[in-house]
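The values are calculated or read from the model by the stated rules, or taken from the named source; none is laboratory data. Nothing here was measured: the structure is a model prediction, and the numbers come from that model. For neighbour counting, all protein chains shown are included, and Cβ atoms are generated from backbone atoms with ideal geometry for every residue, glycine included. Remember, those area values only see protein heavy atoms, side chains included, never the ligands or the DNA or RNA. Shrake-Rupley method; radii C 1.70, N 1.55, O 1.52, S 1.80 Å.
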Amino acid sequence: MEDTEHPVIRLFRLHGEMMDSQAAPHDSDEAIVQLATWMDSVQHWLTEDDVSALTAVGGIMYREQLRRRMLKRVK
């Protein structure tokens, strides 16, 4: 069985690779703010399931960024 990559995962991977090749800064805070701003601007279009899924992603991003900050304090 061939292990195929989901098209959206492929987009994520390609975008990440492009950012790496350009040595783009990794700023999770900015990504979190962009997601929150976008969600706020289109909230009237989003279903409850959309909001739930996007909030889960934002929550993971927020938690990971907080974890990184705490690890930097310890080091």
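Assorted remarks:
- The residues of the chain expose, per residue, 90 Å² of accessible area to a 1.4 Å probe.
- Normalised by 2.2 N^0.38 Å, with N the number of residues, the alpha-carbon radius of gyration of the range 1-41 equals 1.52.
- Rounded to the nearest whole Hz, the Karplus-based 3J(HN,Hα) values (6.51 cos²θ - 1.76 cosθ + 1.60, θ = phi - 60°) of the range 13-30 follow the sequence 4, 4, 5, x, 5, 5, 4, 5, 5, 9, 6, 5, x, 9, 10, 5, 4, 5, with x at glycine and proline.
- Label zone at Leu54, where the point sits 7 Å out along the Cα-to-Cβ direction: the range 12-46 residues whose backbone N lies under 14 Å: 32-46
- Each label point was placed 7 Å from the Cα along the Cα-to-Cβ direction; for Asp40 and His26 their separation is 2.7 nm.
- Carbon plus sulfur fraction of accessible area for the range 6-64, probe 1.4 Å, in percent: 63 percent
- In a reduced charge model with +1 at each Lys and Arg Cβ and -1 at each Asp and Glu Cβ, the chain shows a dipole moment near 700 debye about its Cα centre.
- 3J(HN,Hα) along the range 41-56, derived from phi through the Karplus expression 6.51 cos²θ - 1.76 cosθ + 1.60 where θ = phi - 60°, amounts to 6, 10, 4, 6, 9, 7, 7, 4, 5, 4, 4, 4, 5, 5, 5, 4 Hz, with x in place of Gly and Pro.
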